[in-house]
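Asker: The structure's right below; bear with me while I get my questions together.
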Amino acid sequence: MESYQEQVLAFLKGELSDEEKKAFEESLARSTELRAELERSRELLDLMEAASEKATVHRVNQQIRQAIERGASDIHVIPGLHDGTVSLRIDGALEELERFPKEQYLPVVDRWKIMADCSLTERQLPQEGRISIQSQSQDYDLRVMIMPTVLGERVTARVLRKTGEIAELDKLGFSGAQLEALRRLIDLPNGFVMVSAPAGSGKTTTLYAMLLHLQRPERTRANIMTVEEPVEYVLDGISQTRVNRRIGLTYATALRAIHRSDLDVLLVGDLPDRETAELALQMASTGHLVLAHFTASSALGAIVRLRETVVEPFLIAQTLAGVVSQRLMRRICRECKEEYEPSPTLLKRLSLTLADGPFVRGGGCEACRKSGYKGRIITCEVLDVDAQLRQLIADGAPLEALWQESFGRTGGALWDDAREKVRQGLTTVEEVVRVLFDYPHPQPNGGAESPAA
């Protein structure tokens, strides 16, 4: 079939000699398969021509350029009934970039597909691709997902800067106490440490910063490996493996092989099933430090979810050293900061009153595109698993008991950290309530409801 495709494309492009053209036309008269390939190739060339028109190329290039200039993390190209929409995710919130007529939508999607090396003729199945570009003297990777919908294919592109340096732990916005707790956890010779947060909350950035900490010159050299899906940034001196399910390279397959690699530190990009979770815990119990991503709404919620996944709770209790749970909140724009009075109802959810003010917000200016926010800050909780908590985990204690033995006794939960950032004028009451909507609400008396898993 590949030779058919090459012959057909050469014929359609007028690249055959007279003799080759005559031979091709004779073959065409005899072969129904060749005729079918000719029709497919004609369709493909028409699609490529439409996607390569100057206006279409310019539109897609502009979408990418503006996304990079505005610091967007994602680009969304979305089909509608009457038009197409392009939105950018900036500081965690979607902002519409442009709308364009429906008749221009297919060429725009196909331009994205050509750039990402995806099939133009495949319309029914999801596709993934990558685009490498340079903008403003920086190298970027765009991780592209094409998803079929009833209104047409949708494009989502994650924007990753390849040449940017990974921030160190003390540059990520953790408090002094949080930094001390984090460093204590990752300086352990072995054990299991989770970074738990919803998608898009900076888990990868925190984990990569932990790996940088482990590579600092004064520390004993460590053999560090990772298993990720995908590898978002290539780290010098660290062996990174990308999961590829199409060829059978799953998390579990990689972990079984890595176990024989004389490693010191392992980062696991996800714990998608019981086998992967148990393999990671077993490695932590046999002298390795294992860092892992996990998606949960709180540190204690991560423990409960992991306990529901793993057959033996004692394995978690034996190996779990700590859990970091974090969110990203929008930062108040420094250019238009102003005092205001938040809703008493919202203040109550943070165990605050108007007397705890003054409170500030962004009034909206050109610098923040009238949003009142510019940039993001981290809010975090670090759970250090001590002997008492370890026993409760092994006994299968309920979430309420875990809470009382940890944050209920010592403080330091996400709500506590976010409340302090409101007092410091870094973010707003409204933003905290929005970001922590699925986390337990602090009570006016200083207690807290049971955290959601």
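Asker: How would you rank 244-257, 187-200, highest first, on the average number of other Cβ atoms within 10 Å across their residues?
Answerer: Details: 244-257: 15.1, 187-200: 18.7.
Result, highest mean first: 187-200, 244-257.
Asker: Based only on Cα atoms, what mean projected area does the convex hull of the chain have, in nm²? Before the final figure, lay out each step's value.
Answerer: On the way: hull surface 110.2 nm².
Average of the hull's projected areas for the chain equals 27.5 nm².
Asker: Based on the Cβ-Cβ distance from residue 261 to residue 26, what FRET efficiency comes out when R0 is 41 Å, to the nearest 0.05?
Answerer: Values: r = 59 Å, r/R0 = 1.44.
Once rounded, the FRET efficiency stands at 0.10.
Asker: Something else about it: Fewest first, what order do 48, 115 take by the number of other Cβ atoms within 10 Å?
Answerer: Details: 48 14, 115 21.
Ascending Cβ contact count within 10 Å gives the list 48, 115.
Asker: Any idea what angle helix 32-51 forms with the longest principal axis of the chain, computed on alpha-carbon atoms, 0 to 90 degrees, nearest 10?
Answerer: Helix 32-51 sits at roughly 60 degrees to that axis.
Asker: Moving to a separate point now. Below 8 Å, C-alpha to C-alpha, sequence gap of six or more: please give me the relative contact order for the chain in percent. List each step's numbers first, then the result.
Answerer: On the way: 792 pairs, mean separation 51.1, N = 453.
Result for the chain is 11 percent.
Asker: Let me ask you something else. What is the helix-to-structure angle for 203-214, meaning the angle in degrees between its Cα long axis and the longest Cα principal axis of the chain, kept from 0 to 90 and rounded to the nearest 10?
Answerer: Tilt relative to the chain: about 70 degrees.
Asker: Quick one: if you stick a label point 7 Å off each Cα along the C-beta vector at residue 138 and residue 85, how many nm between them?
Answerer: 2.7 nm
Asker: Now for a separate question. Would you please give the FRET efficiency between residue 353 and residue 93, computed as 1/(1 + (r/R0)^6) with r the Cβ-Cβ distance and R0 = 22 Å, to the nearest 0.05?
Answerer: Plugging the Cβ-Cβ distance into 1/(1 + (r/R0)^6) gives 0.20.
Asker: If neighbour count is taken as other Cβ atoms inside 10 Å, put 259, 82 in order from fewest to most. Numbers along the way, then the final one.
Answerer: Working: 259 15, 82 7.
With the fewest neighbours first, 259, 82 line up as 82, 259.
Asker: To continue, here is another question. Quick check on the chain: helices-only [θ] at 222 nm, where DSSP H runs of length 4 and up contribute -39,500 (n - 2.57) each and the sum goes over total residues. Nearest 500, please. Intermediate values should be presented prior to the final figure.
Answerer: Working: 17 runs with 173 residues, N = 453.
It lands at -11500 deg cm²/dmol.
Asker: Give the calculated FRET efficiency between residue 404 and residue 245 to the nearest 0.05, with a Förster radius of 51 Å applied to their Cβ-Cβ distance.
Answerer: On the way: r = 41 Å, r/R0 = 0.81.
It comes out at approximately 0.80.
Asker: Give the cysteines in the chain for which no other Cys Cβ lies under 4.7 Å away, or write none if there are none.
Answerer: 118, 380
Asker: Using a 10 Å cut-off around each Cβ, can you sort 140, 373 from fewest to most neighbouring Cβ atoms?
Answerer: Values: 140 19, 373 23.
Lowest to highest Cβ neighbour count: 140, 373.
Asker: Over region 169-435, what is the relative contact order in whole percent, taking alpha-carbon pairs under 8 Å and six or more residues apart?
Answerer: Numbers: 471 pairs, mean separation 56.4, N = 267.
Dividing the mean separation by the residue count of region 169-435 yields 21 percent.
Asker: State which entries of 203/421; 54/102; 54/370; 348/421; 348/370 exceed 22 angstrom in Cα-Cα distance in the structure shown. Each step should come with its number before you reach the end.
Answerer: Numbers: 203/421 20 Å; 54/102 18 Å; 54/370 33 Å; 348/421 16 Å; 348/370 27 Å.
Correct reply: 54/370; 348/370.
Every number in this text was worked out from the coordinates using simple rules, so none of it is lab data. Just so it is clear, the structure is predicted and the values come from calculations on it, not from any experiment. Cβ sites come from the backbone with ideal geometry, for glycine too, and all protein chains shown count toward neighbours.
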